[in-house]
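Following: one structure in structure tokens, then a few remarks.
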Amino acid sequence: VQLVESGGGLVQAGGSLRLSCAASGITFSINAMGWYRQAPGKQRELVAGISSGGAVTNYADSVEGRFTISRDNAKSTMYLQMNSLKPDDTAVYYCNARNPPWYHWGQGTQVTVSS
């Protein structure tokens, strides 16, 4: 199983980034997916989640209205469009796939937002 995140980087406050998570080794379309993030000294937190078919999404209050999660099951890829980025969004962003009892994580991609 591999989940490979990409798209992270350094951006100024107010800017945008689009993260991607490419999955292999799993039946992507039956997995609920999510983006998590972990800032230095803080616990990992859920940023956004999406159901297996993509019809249901949920967001952390801190990103509601600024971030959009989506998926393309034909490409086994999930996305996170991040707009109006703030310095508090600085963290390592992780991709998660879950089909209980199996949970899988990517290696993470760094997002740094400068003020």
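Is one or more of the residues making up segment 77-95 without any contact (Cβ under 8 Å) to a residue 12 or more places away in the chain and out of contact with any Asp or Glu (no Cβ under 8 Å at 6 or more places or on another chain)? Before the answer, list the steps.
Taking segment 77-95 first, the residues without any contact (Cβ under 8 Å) to a residue 12 or more places away in the chain are none.
Scanning segment 77-95, I find no residue that is without any contact (Cβ under 8 Å) to a residue 12 or more places away in the chain and out of contact with any Asp or Glu (no Cβ under 8 Å at 6 or more places or on another chain), so the answer is no.
Filter segment 51-106 down to the residues that are farther than 22 Å from ALA39 by Cβ and β-branched (Val, Ile, Thr) and list them by number.
VAL56, THR57, THR77
Select from segment 55-80 the residues that are open to solvent by less than 70 Å² (accessible area, probe 1.4 Å) and either part of a loop (DSSP other than H, G, I, E, B) or of a type in the set (Lys, Arg) (or both) and list them in ascending order.
Across segment 55-80, the qualifying residues are ALA60, SER62, VAL63, ARG66, ARG71, ASN73, SER76.
What pairs can you find where one residue is in segment 6-31 and surrounded by fewer than 12 Cβ atoms within 10 Å (Cβ to Cβ), the other is charged (D, E, K, R), and their Cβ atoms are less than 9 Å apart, with a gap of 6+ or different chains?
GLY14/LYS86
Restricting to segment 81-106, name every residue that is among the basic types (Lys, Arg) and in a strand (DSSP E or B).
So the first thing to find is which residues in segment 81-106 are among the basic types (Lys, Arg), and the list is 86, 98.
Result: ARG98, single match.
Name the residue, out of SER115, SER62, SER70, that is among the polar types (S, T, N, Q), at negative phi and touching a Phe, Trp or Tyr at 6+ places or on another chain (Cβ under 7 Å). Step through it out loud before you land on a result.
Numbers: SER115 fails: touching a Phe, Trp or Tyr at 6+ places or on another chain (Cβ under 7 Å); SER62 fails: touching a Phe, Trp or Tyr at 6+ places or on another chain (Cβ under 7 Å).
Going through SER115, SER62, SER70 in turn, just one is among the polar types (S, T, N, Q), at negative phi and touching a Phe, Trp or Tyr at 6+ places or on another chain (Cβ under 7 Å): SER70.
The values are calculated or read from the model by the stated rules, or taken from the named source; none is laboratory data. Fair warning: this is a prediction, and the values are worked out from it, not measured in the lab. Here Cβ is always computed from backbone atoms with ideal geometry, including for glycine, and neighbour counts include all displayed protein chains. Ligands, DNA and RNA are excluded from the accessible area calculation, which covers all protein heavy atoms including side chains. Shrake-Rupley method; radii C 1.70, N 1.55, O 1.52, S 1.80 Å.
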